[in-house]
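All of the numbers you see were taken from the coordinates with simple rules; none came from a lab. Predicted, not measured: the structure shown is a model, and the values here were computed from it. Glycine gets a Cβ as well: all are built from the backbone with ideal geometry, and neighbour counts include every protein chain shown.
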Amino acid sequence: MSDFYKLTINTLQGKELKLSELEGKVVLVVNTASECGLTPQYEGLQKLHEQYADQGLVILGCPCNQFGEQEPGSVSEIQGGCLINYGVDFTISEKIEVNGDNAHPLFVYLKQQLSGVLGSRIKWNFTKFLIGKDGQPIKRFAPTTKPDAIESYIQKALA
């Protein structure tokens, strides 16, 4: 079993999500922020969710306030911003940290598996990680990589 499936994360609603429940699915993990110049990427992520969820894609947005304090809101503010502004209905986790001593174990694992331009550290909001059906990380995408630019990788992983 992949180490990815040994991890858990709480949803924004406080429910524990065991990543083992996602076995056999392709997962796109994204650290998000509601007040970032890249926040409009929520729209593209939602389009990917709508297009590929039935084929086995799961998108997991992970709000993080570590970059320019661009996710300062409470649970209800985060939820309202995602839903009202972008119509997001894919899974959003609790607010987490992605770097440093308090980094969530999911991001510790992903950074160990797929380094970025700045080594393992997450550079900014909307860094994306694509995980295959077998729980193995496939590719890391830069914050500026738009969701539609990832579509071909998702299609290949779903095939």
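A protection proxy built from the mean count of other Cβ atoms within 10 Å ranks the segments 23-32, 97-106, most packed first, as 23-32, 97-106. Proximity of backbone amide H atoms, modeled 1.01 Å from N, is registered between Asn31 and Cys62, Phe126, Thr127 at under 5 Å, excluding neighbours fewer than 5 places apart on the same chain. How big is the antiparallel share of DSSP beta bridges in segment 3-158, given as a percent to the nearest 5? Roughly 55 percent of the beta bridges in segment 3-158 run antiparallel, per DSSP. Each Lys or Arg adds one and each Asp or Glu takes one away; over the other residues whose Cβ falls under 13 Å from the Cβ of Glu71, this sums to -4. Sorting Glu71, Glu43 by the number of Cβ atoms found within 10 Å of their own Cβ, with the fewest placed first, yields Glu43, Glu71. Taking other residues whose beta carbon is less than 9 angstrom from the beta carbon of Leu114, and scoring Lys, Arg as +1 and Asp, Glu as -1, yields +3.
Length gained on full extension, Glu21 to Lys133: 39.2 nm, using 0.36 nm per residue less the C-alpha separation. When only Cα pairs below 8 angstrom with a gap of at least 6 residues are kept, segment 3-158 shows a relative contact order of 30 percent. Per-residue Cβ neighbour counts within 10 Å put Cys62, Cys36 in the sequence Cys36, Cys62, beginning with the fewest.
For segment 3-158, the extents of the C-alpha atoms along the principal axes are 34, 34, 30 Å, listed from largest to smallest. Adding -39500 (n - 2.57) for every DSSP H run of four residues or longer, then dividing by how many residues the chain holds, sets the calculated 222 nm ellipticity at -7000 deg cm²/dmol.
Can you put Phe4, Phe67, Phe126 in order of Cβ neighbours within 10 angstrom, beginning with the fewest? Don't skip to the end; give the middle numbers.
Values: Phe4 23, Phe67 20, Phe126 28.
Ordered by Cβ neighbours within 10 Å, fewest first: Phe67, Phe4, Phe126.
Working from label points 7 Å from Cα in the Cα-to-Cβ sense, the Ser76 to Thr145 distance is 3.7 nm.
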